[in-house]
Amino acid sequence: MAYCQHIGVEFMFINDLEQCQWIRQKFETPGIMQFTNEEKRTLLARLVRSTRFEEFLHRKWSSEKRFGLEGCEVLIPALKTIIDKSSEKGVDYVIMGMPHRGRLNVLANVIRKELEQIFCQFDSKLEAADEGSGDVKYHLGMYHRRINRVTDRNITLSLVANPSHLEAADPVVQGKTKAEQFYCGDTEGKKVMSILLHGDAAFAGQGIVYETFHLSDLPSYTTHGTVHVVVNNQIGFTTDPRMARSSPYPTDVARVVNAPIFHVNADDPEAVVYVCNVAAEWRSTFHKDVVVDLVCYRRNGHNEMDEPMFTQPLMYKQIRKQKPVLQKYAELLISQGVVNQPEYEEEIAKYDKICEEAHARSKDEKILHIKHWLDSPWPGFFTLDGQPRSMSCPSTGLNEEDLTHIGQVASSVPVEDFTIHGGLSRILKTRGEMVKNRTVDWALAEYMAFGSLLKEGIHIRLSGQDVERGTFSHRHHVLHDQNVDKRTCIPMNHLWPNQAPYTVCNSSLSEYGVLGFELGFAMASPNALVLWEAQFGDFHNTAQCIIDQFICPGQAKWVRQNGIVLLLPHGMEGMGPEHSSARPERFLQMCNDDPDVFPKLDDFDVRQLYDCNWIVVNCSTPANFFHVLRRQILLPFRKPLIIFTPKSLLRHPEARSSFDDMLPGTNFLRVIPDGGPAAQSPQNVRRVLFCTGKVYYDLTRERKARNMEADVAITRVEQLSPFPFDLLQKEAQKYPNAELVWCQEEHKNQGYYDYVKPRLRTTINRAKPVWYAGREPAAAPATGNKKTHLTELQRLLDTAFNLDAFKDLA
Ligand SMILES: Cc1ncc(C[n+]2csc(CCOP(=O)(O)OP(=O)(O)O)c2C)c(N)n1
Ligand SMILES: [Mg+2]
């Protein structure tokens with residue numbers, strides 16, 4: 001149906017008449033695809049750059065992997081067209097995500113990274129100069145602000161660094177895009193947009209593609225349309241026009257991604273440029289996603305070391321016969337008289353010279369700077385050479401007045417004529433009483449932390465399934481009028497006259513996509529507290545790639561800090577195997593602190609945090625939860641923060657904190673020592689139980705019941721990583737006659753034991769054993785049987801308080 005035989009369009013599932021007519025008009029109007037001679041020459045020049053860049057790399061480093069673009073050289077003019085058109089429509093910031101294929105070419109010719117910076121990455125003798133372990137050259141990111149030569153307007157281009165894991169960067173790019181839109185007040189996506197590139201196989205196969213597409217229709221997640229470009233080299237070569245019209249994917253991909261797909265033959269550069277113009281126009285008109293499918297072939301193997309004839313001999317015999325697209329297009333323009341042979345050759349010579357000169361300069365580079373590849377700089381947050389402005393953290397306490405004020409707003413309805421649910425009235429009343437008594441529970445402590453940061457101009461964004469109410473119905477950050485449909489109120493946004501905005505948003509039912517999105521959001525600015533809450537902690541594992549590939553090693557690979565907070569409900573409460581464990585063992589296993597070395601540090605409070613790859617905590621009191629959230633922002637650098645959050649403790653009468661523990665001068669407590677009779681006569685203490693989180697409440701209850709408060713001390717480890725070696729050493733030394741026991745409610749091969757044991761032993765120079773009281777090893781995180789659950793709990797408490805339990809083992 002398309003006017004040009006090299007273009008095919010899939011959009012029949014779109015049921016908006018205006019949109020359908022728009023597409024028809026773009027593709028069915030005879031003669032609509034006209035190019036001026038100047039446009040043709042620009043296109044030729046862009047093809048020259050794209051083609052000669054790969055040839056140059058091939059000549060200089062024939063045995064290096066570069067995932068070249070040969071066969072789809074039109075990608076460069078395609079992207080440049082989308083950017084030019086978008087710039088013309090008012091866009092001044094384009095955030096891009098892309099896989100390996102053609103990435104170096106895009107860096108060089110679209111984002112315009114200095115060529116010498118790219119070339120020196122091929123020099124194996126250069127030393128790495130920055131902190132961290134770095135990454136291979138075709139994963140690194142880039143940020144560049146420059147003038148768009150076609151529109152003469154400023155444009156900022158950012159390419160987000162990514163792991164090998166295909167399509168994992170998609171939601172990250174979208175989150176960053178959303179954040180950049182949010183911070184510049186671009187509520188309709190008119191100034192900031194994203195472009196996502198895909199390989200055909202990854203596009204069709206990876207579920208994260210669809211998770212990301214489906215975020216685009218949700219108000220707090222939409223980026224108001226993304227232009228997707230698929231480098232589709234799956235179907236051989238494209239001289240047969242039928243190929244350009246047939247979708248290489250299962251035909252319902254278009255339907256699933258809910259976006260029109262424009263298929264275009266990559267051997268017809270003018271058709272490609274035309275389609276890219278239409279795609280950019282579609283995005284700026286309807287602010288919806290659109291897919292450009294560049295149907296091409298891949299001239300070489302998967303990478304330059306790969307031999308495609310092993311497996312596709314006949315296809316590759318055909319491919320070898322194909323004239324490169326540059327040659328074909330040059331011949332066409334010469335035959336049309338648009339350029340002549342010498343002009344064409346001069347264009348080639350000009351670019352080759354640029355490459356040669358850059359190559360010569362690249363030899364002067366002595367060291368590799370990963371910093372030059374940063375995709376998200378935070379101007380003003382660091383010193384000019386990228387260091388934190390201080391190595392200290394102020395008190396995270398808050399004055400009484402602010403605590404009371406936030407508490408009052410949290411227990412009221414700050415708008416007129418608004419009827420809330422009766423059950424919620426009771427909850428707010430209880431909150432009011434707590435505030436009068438100068439106490440907080442978990443939900444109030446969170447309120448205090450958020451509310452106080454908002455006052456200080458810190459934007460807060462809390463995202464996840466059901467976070468507005470809270471999975472456990474404890475939060476209620478969005479009030480719903482019981483009489484007026486869809487009328488809501490967010491008291492957190494009624495706290496202070498010039499406060500920062502609070503965003504709380506129920507996400508789609510996705511973890512991988514949404515966590516990636518929030519990570520991207522947190523990348524944009526250090527002055528925001530971005531939190532993702534899992535419905536239950538276990539669900540984070542469907543987002544494991546974001547955790548393993550971005551959150552844990554992000555700074556080491558890409559010198560990029562990120563302060564995202566993960567709230568992971570965790571605790572063994574007889575709820576069965578699936579709602580019990582946030583898998584602390586996995587997070588702890590990925591911490592970079594050495595179990596066998598006592599760190600030589602003057603200041604553990606801040607310096608140890610600076611050295612770690614992420615912070616893992618399990619707070620036992622609301623006040624400590626309040627402090628750790630505030631510390632996250634008051635620190636002079638950013639680290640991901642993993643918090644195992646409670647379920648039953650949300651309503652536990654003892655899990656309350658006094659305002660006194662939150663006042664100025666107070667701080668997050670990495671360790672909470674025993675404060676009872678045991679601590680008063682430490683010489684007499686027979687056992688120290690070290691624990692973390694909710695089991696503390698079971699242990700104190702049991703100790704009281706057994707009348708053992710003078711015999712057994714209970715020390716809470718609130719910050720698991722980086723491990724508080726200094727404080728725990730003091731604790732161990734305080735009780736010279738005591739046995740040391742780690743007690744946890746999780747199974748032995750899970751939880752914290754494997755992480756804590758060697759570190760605790762390091763604090764005491766391995767002078768004593770560290771015993772274990774807890775559940776036995778198991779394959780599942782928890783039993784499905786309530787009675788078994790309680791029996792197991794009693795058994796671990798028995799071990800914890802049986803002073804003879806380890807006698808025969810010693
Ligand atoms: C999640 C994931 N699985 C597997 C791989 C290994 N892998 C690297 S490239 C590739 C093929 C990608 O094909 P396509 O998306 O069509 O891109 P092309 O290389 O053809 O441009 C695979 C399977 C990967 N990088 N990521
Ligand atoms: Mg492919």
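The values are calculated or read from the model by the stated rules, or taken from the named source; none is laboratory data. Since the structure is predicted, the reported quantities are computational estimates derived from the model, not experimental observations. Note that we place each Cβ from the backbone using ideal geometry, even for glycine, and neighbour counts take in every protein chain shown. Ligands, DNA and RNA are stripped out before the accessible areas are found, and what is left, the full protein with its side chains, is counted by its heavy atoms. Shrake-Rupley method; radii C 1.70, N 1.55, O 1.52, S 1.80 Å.
Give the carbon-plus-sulfur fraction of the accessible surface of the chain in %, rounded to a whole number; probe 1.4 Å, heavy atoms of protein chains only. Ligands and nucleic acids excluded, carbon and sulfur give 50 percent.
Direction-averaged projected area, Cα convex hull, segment 540-673: 9.9 nm², rounded to one decimal.
Candidates A810, N105, I354 compared by Cα position along the dipole of the chain: farthest toward the positive end lies A810, with charges placed on Cβ.
In segment 375-452, what trypsin sites (Lys or Arg not before Pro) fall in a loop by DSSP, with at most 11 other Cβ atoms inside 10 Å? The qualifying sites are R389. Placing pseudo-labels 7 Å out from each Cα toward the beta carbon at K60 and Q318 gives an inter-label distance of 3.5 nm.
So for each of 529-535, 626-632 I average, over its residues, the number of other beta carbons within 10 Å; can you give me the resulting order with the highest mean first?
Values: 529-535: 24.1, 626-632: 25.9.
Most protected by this proxy first, the peptides run 626-632, 529-535.
Each of L159, Q318, S62 was placed along the dipole of segment 7-372 (beta-carbon charges, centred on the mean Cα), and the one lying farthest toward the positive end is S62. Can you give the % of DSSP beta bridges in segment 456-583 that are antiparallel, to the nearest 5? The antiparallel proportion sits near 10 percent.
Per residue, the chain exposes 39 Å² of solvent-accessible protein surface, assessed with a 1.4 angstrom probe and all protein chains in place. Put a plus charge on the Cβ of each Lys and Arg, a minus charge on the Cβ of each Asp and Glu, and nothing anywhere else: the dipole of the chain about its Cα centre is then about 600 debye. Within segment 7-372, antiparallel bridges make up roughly 30 percent of the DSSP beta bridges whose residues both belong there.
Placing +1 on the Cβ of every Lys and Arg and -1 on the Cβ of every Asp and Glu, with nothing else charged, gives segment 7-372 a dipole about its Cα centre of roughly 320 debye. Quick one: angle between helix 37-60 and the longest Cα principal axis of the chain, in degrees between 0 and 90, rounded to 10, please. Once rounded, one gets 60 degrees. For GluC sites (Glu not before Pro), the sites in segment 69-159 that DSSP calls loop and that have at most 16 other Cβ atoms within 10 Å are E114, E131. Computed on segment 674-801, the Cα convex hull volume stands at 97 Å³ per residue.
Rounded to the nearest 10 degrees, the angle from helix 269-286 to the longest Cα principal axis of the chain is 40 degrees. For segment 322-377, the list of GluC sites (Glu not before Pro) that fall in a loop by DSSP and count at most 13 other C-beta atoms within 10 angstrom is empty. Between segment 579-636 and segment 164-231, how far is it from one alpha carbon centroid to the other, in angstrom? Going from one Cα centre to the other spans 31 Å.
Highest mean packing first, where packing is the average number of other Cβ atoms within 10 Å per residue, the peptides 442-452, 281-291 line up as 442-452, 281-291.
Ranked by the mean number of other Cβ atoms within 10 Å of their residues, highest first, the peptides 78-86, 782-790, 213-221, 643-651 fall in the order 78-86, 643-651, 213-221, 782-790.
Rounded to the nearest 5, the antiparallel percentage of DSSP beta bridges internal to the chain is 25%. Select from H139, P260, S508 the residue farthest towards the positive end of the dipole of the chain; place +1 on Cβ of Lys and Arg, -1 on Cβ of Asp and Glu, and compute about the Cα centre. Among H139, P260, S508, the one farthest towards the positive end of the dipole of the chain is H139.
Max-minus-min Cα coordinates of the chain on each principal axis give 99, 66, 50 Å, with the largest extent listed first.
In straight-distance terms, cross-link reach from K787 covers every one of the lysines whose alpha-carbon lies under 26 Å from its own, apart from those fewer than eight places away in the same chain; here that gives K647, K694, K704, K748.
Taking each of K65/K178; K60/K317; K137/K455; K328/K350; K125/K178; K85/K178 in turn, the alpha-carbon distance tops 31 angstrom for K65/K178; K137/K455; K125/K178. Taking the Cα centre of segment 300-364 as reference, the dipole from Cβ charges on Lys and Arg (+1) and Asp and Glu (-1) amounts to some 340 debye. A prolate overall shape is assigned to segment 314-447, the ratio a/c of its alpha-carbon gyration tensor axes (a ≥ b ≥ c) being 1.5 or greater and a/b exceeding b/c.
Between segment 443-471 and segment 742-761, the alpha-carbon centres lie 31 Å apart.
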